[in-house]
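Only one structure is covered here, and it is reproduced in the block below.
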Amino acid sequence: MSDSEDWGFALPAFKPDEALQRLRRDLRELGLTEREGRFERRGNAIARAAVDGQQLRVAVVKRPARSPEWNEKMLKDSGQLREFVALVKKSLAGWGSDVDE
């Protein structure tokens, strides 16, 4: 049984445009600067996001670098969006001063 069947109501439709706006705000609150669809700290790309149909295509770098390797995901609901923001926050904390060099 899905969550919507358990409770007798359907989850609200995922709106990727609104989710992208929320993601932009959340990433700016983490201290990242948006530039051409990428989010950076001190010139190092950290994350990127774009609407792809009814989903949000996002990616986070494995490690900050001038030519980073990306871990890409497709987000289909608000829960996945929250998990992605938490992943970026955890990654930033783990990298520590590496991002600021």
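The values are calculated or read from the model by the stated rules, or taken from the named source; none is laboratory data. All figures in this text were calculated on a predicted structure; none of them were measured in a lab. Cβ: placed from backbone, ideal geometry, glycine included. Neighbour counts: every protein chain shown.
Here are a few things to note about the model shown:
- Being in a strand (DSSP E or B), of a type in the set (Gly, Ala, Ser) and within 15 Å of Glu18 (Cβ to Cβ) holds for only one residue in Ala59, Ala50, and it is Ala50.
- Within segment 51-72, the residues that satisfy the criterion of being exposed (fewer than 13 other Cβ atoms within 10 Å of the Cβ) and touching a helix residue (DSSP H, G or I) at 6+ places or on another chain (Cβ under 8 Å) are Asp52, Gly53, Gln54, Arg63.
- Among the conditions (1) in contact with a strand residue (DSSP E or B) (Cβ under 6 Å, 6 or more places away or on another chain); (2) not polar (S, T, N, Q); (3) not in a helix (DSSP H, G or I), the only one that Leu20 does not satisfy is (3).
- Scoring Val85 on the criteria (1) of a type in the set (Val, Ile, Thr); (2) touching a residue at least 60 places away in the same chain (Cβ under 8 Å); (3) out of contact with any helix residue (DSSP H, G or I) (no Cβ under 8 Å at 6 or more places or on another chain) leaves a single failure, condition (3).
- Test result for Arg28, of a type in the set (D, E, K, R), within 21 Å of Gly96 (Cβ to Cβ) and part of a loop (DSSP other than H, G, I, E, B): no
- Here Ala93 does not fit the description of being modelled with pLDDT under 95, surrounded by fewer than 18 Cβ atoms within 10 Å (Cβ to Cβ) and either outside any helix (DSSP H, G or I) or touching a Cys at 6+ places or on another chain (Cβ under 6 Å) (or both).
- Residue within segment 24-31 that is under 26 Å from Gly94 (Cβ atoms), among the acidic types (Asp, Glu) and within 11 Å of the chain's Cα centre (by Cα) present: yes
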